[in-house]
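**Q** Here it is, the structure, as structure tokens.
The values are calculated or read from the model by the stated rules, or taken from the named source; none is laboratory data. Nothing here was measured: the structure is a model prediction, and the numbers come from that model. Only protein heavy atoms, including side chains, enter the accessible area calculation; ligands, DNA and RNA are left aside. Shrake-Rupley method; radii C 1.70, N 1.55, O 1.52, S 1.80 Å.
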Amino acid sequence: MDVRVGDILKMKKKHPCGSDSFSVLRVGMDFKIRCNGCGHEVMVPRVKVEKNIKRIEREENV
């Protein structure tokens, strides 16, 4: 799965604050993501993130 720093991930499950949108801060074996609702940052294993992604939103540079 092609996930890059700066992408917005729409997840299947919501964060406890109610938001299902996360910004990608770091990519590797683990992803560092920030909740776009409350700003909470977490490190999550790549496998768990990729399993729960519903949609990737990306700004394309033309």
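**Q** Would you list which aspartates and glutamates come within 14 Å of Lys54, measuring only between C-alpha atoms, while excluding same-chain residues fewer than 8 positions from it?
**A** The reachable aspartates and glutamates, counting only those whose Cα sits under 14 Å from Lys54, are Asp2, Asp7, Asp20.
**Q** Kirkwood hydrodynamic radius, the chain, all distinct C-alpha pairs: what's the number in Å?
**A** Across the chain, the inverse of the average 1/r is 11.6 Å.
**Q** What percent does the relative contact order of the chain come to when contacts are Cα pairs within less than 8 Å and at least six residues apart?
**A** In percent, rounded to a whole number, it is 35.
**Q** For Asp30, enumerate residues with amide H under 5 Å from its amide H, sequence gap 5+ or separate chain, H modeled in the peptide plane.
**A** Arg46
**Q** While we're here: What number, rounded to the nearest 500 deg cm²/dmol, is the helix-based mean residue ellipticity at 222 nm of the chain, given -39500 (n - 2.57) per DSSP H run of at least four residues and division by all its residues?
**A** -3000 deg cm²/dmol
**Q** Per the 1.4 Å probe, what fraction of the accessible area of the chain, in percent, lies on carbon and sulfur atoms?
**A** The value for the chain is 50 percent carbon and sulfur by accessible area.
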